[in-house]
Amino acid sequence: METALILEEIRSCRLCEAHLPLGANPVVRASQQARLMVIGQAPGTKVHKTSVPWNDPSGDRLREWLGVDRETFYDHTRIAIMPMGFCYPGKGKSGDLPPRKECAPTWHQRLLASMPNIKLTLLIGQYAQAYYLQDRRSLTQRVQHWQDYLPEYLVLPHPSPRNNLWLRKHPWFEEEVIPALKSKVLEILEPQAKL
């Protein structure tokens, strides 16, 4: 099935609307031409209001990590963005609730199957990593051993300001992983720039 048709279906999904405090507003961007896939957690309130993924301080940091500007990041023909949960899940005791469990099994494989040009998938945060990798490592162990998941996946901690302590405790991440990430992203996106 064509990517555009699947996106239409996703955007009209109301599967778990009864559990969503702000109602359903599936946020996703993709194209059959996209070469890089970003899989994160779920939209926050700002993203829910604007329908623009990663439109918050976490997104600013993520774009910095990738070495891309907003224009490149939001060019769906280059970068696809698909969260584990497409809608804002609500507030929990210490931040947002986990992504709803219905989204990934219902939509991810269908959408991914329609995008044959994906060269690398970024798994951002514990939920995406647990779903796709299904290993027993902690997030820190996965990020330390990021090369084990290549060439299909590159694992990252969530770029949220809530993770500033994690980043301070693990300086090797910004010293070693970020330069490699920027290089891979450039390598993947650059051929499209020349077309």
Q. Within the set of pairs 6 or more residues apart or between chains, which connect a residue that is without any contact (Cβ under 8 Å) to a residue 24 or more places away in the chain and outside any strand (DSSP E or B) inside the stretch 28-54 to a residue that is surrounded by fewer than 21 Cβ atoms within 10 Å (Cβ to Cβ) and of a type outside the set (Gly, Ala, Ser) with Cβ atoms less than 7 Å apart?
A. 46/55; 46/56
Q.
Cβ-Cβ distance below 8 Å, separation of 6 or more or different chains: which pairs start in the stretch 57-85 with a residue that is at positive phi and end on one that is modelled with pLDDT of 95 or more and surrounded by fewer than 17 Cβ atoms within 10 Å (Cβ to Cβ)?
A. 67/182; 67/186
Q: From (1) closer than 19 Å to residue 75 by Cβ; (2) surrounded by 17 or more Cβ atoms within 10 Å (Cβ to Cβ), pick out the condition that doesn't hold for residue 32.
A: (2)
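Right, residue 98: more than 23 Å from residue 113 (Cβ to Cβ), open to solvent by less than 10 Å² (accessible area, probe 1.4 Å) and not in a helix (DSSP H, G or I) or not? Full working, then the answer.
Working: more than 23 Å from residue 113 (Cβ to Cβ): yes; open to solvent by less than 10 Å² (accessible area, probe 1.4 Å): no; not in a helix (DSSP H, G or I): yes.
So residue 98 fails the test.
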Q: Looking only at the stretch 122-139, count how many residues are outside any helix (DSSP H, G or I) and either under 23 Å from residue 89 (Cα atoms) or of a type in the set (Asp, Glu) (or both).
A: 6
**Q.** Selected residue [in contact with a strand residue (DSSP E or B) (Cβ under 6 Å, 6 or more places away or on another chain) and among the β-branched types (Val, Ile, Thr)] from 79, 10, 6
**A.** 79
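With the condition kept exactly as written, say whether any residue in the stretch 112-127 is open to solvent by 50 Å² or more (accessible area, probe 1.4 Å) and within 14 Å of the chain's Cα centre (by Cα). Spell out how you get there, then give the answer.
Of the residues in the stretch 112-127, the ones open to solvent by 50 Å² or more (accessible area, probe 1.4 Å) are 113, 116-117, 119, 126-127.
Remaining after also requiring within 14 Å of the chain's Cα centre (by Cα): 126-127.
Scanning the stretch 112-127, I find at least one residue that is open to solvent by 50 Å² or more (accessible area, probe 1.4 Å) and within 14 Å of the chain's Cα centre (by Cα), so the answer is yes.
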Q. In the set 139, 165, which member is more than 30 Å from residue 9 (Cβ to Cβ) and under 16 Å from the mean Cα position of the chain (by Cα)?
A. 139
Q: Inspect all residues belonging to the stretch 150-169 and state whether any of them is over 23 Å from residue 31 (Cα atoms) and of a type in the set (Ser, Thr, Tyr).
A: yes
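How many of the residues in the stretch 59-91 are open to solvent by less than 30 Å² (accessible area, probe 1.4 Å) and closer than 23 Å to residue 17 by Cβ?
Keep residues of the stretch 59-91 that are open to solvent by less than 30 Å² (accessible area, probe 1.4 Å), which gives 59, 62-63, 65-66, 68, 72-73, 79-90.
From what is left, the residues that are closer than 23 Å to residue 17 by Cβ are 81-90.
The qualifying residues number 10.
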Q) Considering only residues of the stretch 140-195 that are in a loop (DSSP other than H, G, I, E, B), open to solvent by less than 70 Å² (accessible area, probe 1.4 Å) and free of Cβ contacts under 8 Å to residues at least 60 places away in the same chain, which is nearest to residue 64 (Cα to Cα)? A) 157
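The values are calculated or read from the model by the stated rules, or taken from the named source; none is laboratory data. Remember, predicted model here, so these are calculated numbers, not experimental data. We place every Cβ from the backbone using ideal geometry, glycine too, and count neighbours over all the protein chains shown. Please note that ligands, DNA and RNA were not included when accessible areas were found on the heavy atoms of the full protein model with its side chains. Shrake-Rupley method; radii C 1.70, N 1.55, O 1.52, S 1.80 Å.
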